[in-house]
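Since every read-out is calculated from the coordinates, none of them should be taken as a lab result. Worth saying up front: this structure is predicted, and the values here are computed from it rather than measured. Positions of Cβ are generated from backbone atoms using ideal geometry, with glycine treated the same way; all protein chains shown enter the neighbour counts.
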Amino acid sequence: MAAFLSSSINAQQGAPNGEWPTYGGDLGHTRYSGLDQIDATNFSDLTVAWEFNAANFGPSPEYRFQSTPLKVNGKIYSTAGSRRSVVSLDAPTGELLWFYNLNEGERAKMPRVNFLGVA
């Protein structure tokens, strides 16, 4: 029983060292990071460091880009575009490092439906 409790507590520590290696940040899916660089005293000083344009990853522009990116070893991994290409970006600069898209053939012509049932 003690070993079970120990592993449960470790899973609830949040994303490690500024990384976000799983969908929920950590294996406990806490969506939490213990980083403290941003606080009430400097929040209003934040600016956009870079932007990523995902509009050209697919047969038509993607204007409703939604993603939960992963961050591992200074790289960001995400999906992009209507064909769900996978992209790797340099975290500090936003530079596109590589991308991959699967040739889905006829399936790619079908509209994508989000969780609300809207294409």
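Within a 10 angstrom radius of the beta carbon, how do Ser44, Ser82, Ser60, Ser67 rank from fewest other beta carbons to most? Mind dumping the intermediate values first?
Numbers: Ser44 6, Ser82 19, Ser60 10, Ser67 14.
Ascending Cβ contact count within 10 Å gives the list Ser44, Ser60, Ser67, Ser82.
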Karplus (6.51, -1.76, 1.60) ³J(HN,Hα), θ = phi - 60°, over segment 86-101, in Hz, Gly and Pro reported as x: 9, 10, 10, 10, 6, 4, x, 10, x, 4, 6, 8, 6, 9, 9, 9
Long-range amide H partners of Ala15 with built H, under 5 Å: Tyr32, Ser33, Gly34
Other-chain or far-sequence residues with amide H under 5 Å of Ser85's (modelled H): Ala80
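Please give the contour-minus-distance gain from Arg84 to Phe43: 0.36 nm per residue of separation, less the Cα-Cα distance, rounded to one decimal in nm. Mind dumping the intermediate values first?
Details: separation 41, 0.36 × 41 = 14.76 nm, distance 3.28 nm.
Gain on extension, Arg84 to Phe43, equals 11.5 nm.
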Length released on extending from Leu97 to Asn56, taking residue separation times 0.36 nm less the Cα-Cα span: 13.2 nm
